[in-house]
1. Since K93 meets every condition but one in (1) open to solvent by 60 Å² or more (accessible area, probe 1.4 Å); (2) in contact with a Lys or Arg (Cβ under 9 Å, 6 or more places away or on another chain); (3) more than 18 Å from N5 (Cα to Cα), which condition does it not meet?
2. Looking only at region 73-84, decide whether some residue is loosely packed, with under 13 Cβ neighbours inside 10 Å and either within 14 Å of N20 (Cα to Cα) or at pLDDT 90 or above (or both).
3. Just need a number here: residues in region 1-58 that are of a type in the set (S, T, N, Q), under 14 Å from the mean Cα position of the chain (by Cα) and open to solvent by 60 Å² or more (accessible area, probe 1.4 Å).
4. In region 69-106, which residues are under 26 Å from K51 (Cα atoms) and without any contact (Cβ under 8 Å) to a residue 12 or more places away in the chain?
5. Looking only at residues in region 2-32 that are in a loop (DSSP other than H, G, I, E, B) and more than 18 Å from F94 (Cβ to Cβ), which one is modelled with the highest pLDDT?
Amino acid sequence: MTFRNPNCRLGIYYDKIEANGLYHGVRFSTVDVVGFYLGHKKGNNVSAVFKGEQVVSGVKGKYEAENGDGVFKIDLKLRLKIRFKVWCMKTPKFKPKFDCEGFVEC
């Protein structure tokens, strides 16, 4: 995952990052990522490993079809706690949520 701050006047504190891996709407893994500060016009690449032990119930037919194609559709839901820093002041925490789509080749 890449986090980017294009703003030149404020910094962003990522206090908590919870990433949920979903396969066709069914969660198969949750990862907590270590928080960090992202300064002005900076970026940060963050790695997370999502593991599933077995085929999620109810989607076995979709799994078999995608396994034949060699490409799996994985959704990612992020729940964050962030604060903004403007000069020397920090805002209260916000709790935004993001949904991302991705494809994994095997």
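1. Just one mismatch for K93, condition (3).
2. Scanning region 73-84, I find no residue that is loosely packed, with under 13 Cβ neighbours inside 10 Å and either within 14 Å of N20 (Cα to Cα) or at pLDDT 90 or above (or both), so the answer is no.
3. So the answer is 4.
4. D69
5. C8
The values are calculated or read from the model by the stated rules, or taken from the named source; none is laboratory data. Quick caveat, the model's predicted, so the values are computed rather than measured. All Cβ positions, glycine included, derive from the backbone under ideal geometry; neighbour counts span all protein chains shown. These area figures cover heavy atoms from the full protein model, side chains too; ligands, DNA and RNA do not enter into them. Shrake-Rupley method; radii C 1.70, N 1.55, O 1.52, S 1.80 Å.
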